[in-house]
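See below for the structure under consideration.
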Amino acid sequence: MRILVTGSAGHLGEALMRTLQGAGRAAIGLDIKSSPFTQRVGSIIDRDFVAQCLRGVDAVVHAATLHKPHIASHTRQQFIDTNVTGTLNLLEAAVAAGVKSFVFTSTTSAFGRALSPPAGAPAAWITEEVVPQPKNIYGVTKLAAENLCELFSLTAGLPCIILRTSRFFPENDDDADSRRAYDDANLKVNEFLYRRADLEDVVSAHLLSVERAPAIGFARFIISATTPFARDDLALLRVNAAAVVKRHVPAYQAEYQRRGWSMAPCIDRVYVNELARSQLGWRPRYDFAGVLQCLIGQRDFRSPLARAIGSKGYHDKSCTEWGSAGPYPLNKG
């Protein structure tokens with residue numbers, strides 16, 4: 001099987017290419033930027049270029065995108081061009097080339113306002129049944145691209161799986177208050193409870209989707225670390241998350257105290273990966289309990305793949321050039 005990976009110079013794209021090449025599989029990397037893992041340099045906005053890249057391809061993993069941090073540095077039109085038109089170009093070329101599997105990397109950010117319940121309400125239990133309510137151009141364009149994938153599956157018979165991935169990036173949080181309140185590792189480990197996945201698990205979900213798409217036909221799956229929480233925990237998570245975590249993973253308290261870390265006082269949403277585990281057969285290896293054991297054993301909690309990729313950032317120039325002292329440019333709205 002010959003697999004085209006878009007966004008091969010990016011964080012997930014490189015991880016996919018490293019894994020495929022390491023397994024001796026035929027993989028072609030496509031990106032607007034050159035890299036050691038990119039064989040086709042060009043833009044997915046270019047229809048002719050995309051059509052050329054799809055020749056002889058059996059499967060597409062579409063990870064190329066403008067991300068949320070690009071909102072401050074790119075126009076809404078650029079988001080539409082890349083995330084929507086670029087996806088349309090790939091879908092049309094995939095159908096013309098007789099591609100057998102199309103895997104689209106989406107995001108839990110597409111849920112938007114549905115992730116933030118009103119004051120006094122329990123935490124949100126986020127499954128694939130939750131109706132997205134995008135709150136920015138990133139979410140709008142990712143959801144539009146998802147809908148294009150569904151359209152091509154229904155009308156052209158293209159086997160397509162959409163993966164709504166939670167956080168797996170190593171960069172510092174884009175929220176200044178969170179950066180001030182927590183050590184970066186502390187924040188990321190907390191997120192494994194409800195909104196983070198390790199890069200290795202995200203890659204395995206994509207490659208499993210390539211294999212399973214022809215049998216499944218079309219599906220959306222949430223890709224996030226398996227949470228220890230249950231629906232019965234949702235009310236208390238909004239007011240005393242530490243008490244809930246202590247009940248499920250009691251060993252966390254001593255290790256956090258030793259490190260001077262703190263648990264989030266409130267958790268407002270929980271991503272649920274049950275459908276991906278039951279229907280896709282995905283078996284994520286990294287969760288909060290496992291990460292905690294790494295911490296206790298003085299080991300790096302990241303997978304070897306995540307450590308190998310490291311941090312790539314999102315922009316070619318420093319954010320100080322946009323007038324920002326933080327890790328991201330100032331949001332222009």
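Just so it is clear, none of the values below were taken in a lab; they were calculated from the coordinates. Computed from a prediction, not measured in an experiment: that's the story for all the values here. In this analysis, Cβ positions are derived from the backbone assuming ideal geometry, glycine residues included, and neighbour counts consider all displayed protein chains.
Given the residues Asp268, Asp287, which is the only one that is of a type in the set (Asp, Glu) and either in contact with a helix residue (DSSP H, G or I) (Cβ under 8 Å, 6 or more places away or on another chain) or more than 18 Å from Ser166 (Cβ to Cβ) (or both)? So that I can check it myself, show each step before the final result.
Details: Asp287 fails: either in contact with a helix residue (DSSP H, G or I) (Cβ under 8 Å, 6 or more places away or on another chain) or more than 18 Å from Ser166 (Cβ to Cβ) (or both).
Among Asp268, Asp287, only Asp268 is of a type in the set (Asp, Glu) and either in contact with a helix residue (DSSP H, G or I) (Cβ under 8 Å, 6 or more places away or on another chain) or more than 18 Å from Ser166 (Cβ to Cβ) (or both).
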Just name the residue that is surrounded by the fewest Cβ atoms within 10 Å (Cβ to Cβ) out of those in region 202-240 that are among the charged types (D, E, K, R) and part of a helix (DSSP H, G or I). Asp232
Pick from Val57, Val84: which is in contact (Cβ under 8 Å) with a residue 24 or more places away in the chain and closer than 21 Å to Ile3 by Cβ? Val57
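For every residue, the table says whether it meets (1) within 23 Å of the chain's Cα centre (by Cα); (2) not charged (D, E, K, R).
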site: Ala225; (1), (2): yes, yes
site: Arg231; (1), (2): no, no
site: Leu236; (1), (2): no, yes
site: Val239; (1), (2): no, yes
site: Arg247; (1), (2): no, no
site: Ala251; (1), (2): no, yes
site: Arg258; (1), (2): no, no
site: Ala264; (1), (2): yes, yes
Scan region 261-302 residue by residue and report those that are touching a Phe, Trp or Tyr at 6+ places or on another chain (Cβ under 8 Å), surrounded by fewer than 20 Cβ atoms within 10 Å (Cβ to Cβ) and of a type in the set (Ser, Thr, Tyr). Ser262
Across region 252-280, what is the total count of residues that are over 20 Å from Tyr182 (Cβ atoms) and assigned to a loop (DSSP other than H, G, I, E, B)? 2
When you check Leu148 against the structure, is it under 22 Å from the mean Cα position of the chain (by Cα), part of a loop (DSSP other than H, G, I, E, B), more than 22 Å from His11 (Cα to Cα) and among the hydrophobic types (A, V, I, L, M, F, W, C), yes or no? no
If we scan region 222-235, do we find a residue that is of a type outside the set (A, V, I, L, M, F, W, C) and in contact with a His (Cβ under 7 Å, 6 or more places away or on another chain)? yes
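Can you list the helices (runs of 4 or more DSSP H) lying wholly within region 28-125 that have 3 or more residues being crowded, with 21+ Cβ neighbours inside 10 Å? So that I can check it myself, show each step before the final result.
Numbers: elements: 47-54, 76-79, 86-97.
Here the list reads 47-54, 86-97.
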Per the filter on region 170-187, residues surrounded by 15 or more Cβ atoms within 10 Å (Cβ to Cβ), under 14 Å from Arg259 (Cα atoms) and not aromatic (Phe, Trp, Tyr) are Ala185, Asn186, Leu187
Val60, sole failed condition from (1) touching a Pro at 6+ places or on another chain (Cβ under 7 Å); (2) closer than 17 Å to Leu163 by Cβ: (1)
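Every residue, every condition in (1) without any contact (Cβ under 8 Å) to a residue 12 or more places away in the chain; (2) outside any loop (DSSP other than H, G, I, E, B), yes or no:
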| residue | (1), (2) |
| --- | --- |
| Val130 | no, no |
| Ser153 | no, yes |
| Phe169 | no, no |
| Asp173 | no, no |
| Asp177 | yes, yes |
| Arg180 | yes, yes |
| Leu187 | no, yes |
In region 250-260, anything of a type outside the set (Gly, Ala, Ser) and either buried (at least 18 other Cβ atoms within 10 Å of the Cβ) or on the phi > 0 side of the Ramachandran plot (or both) is listed as Tyr252, Tyr256
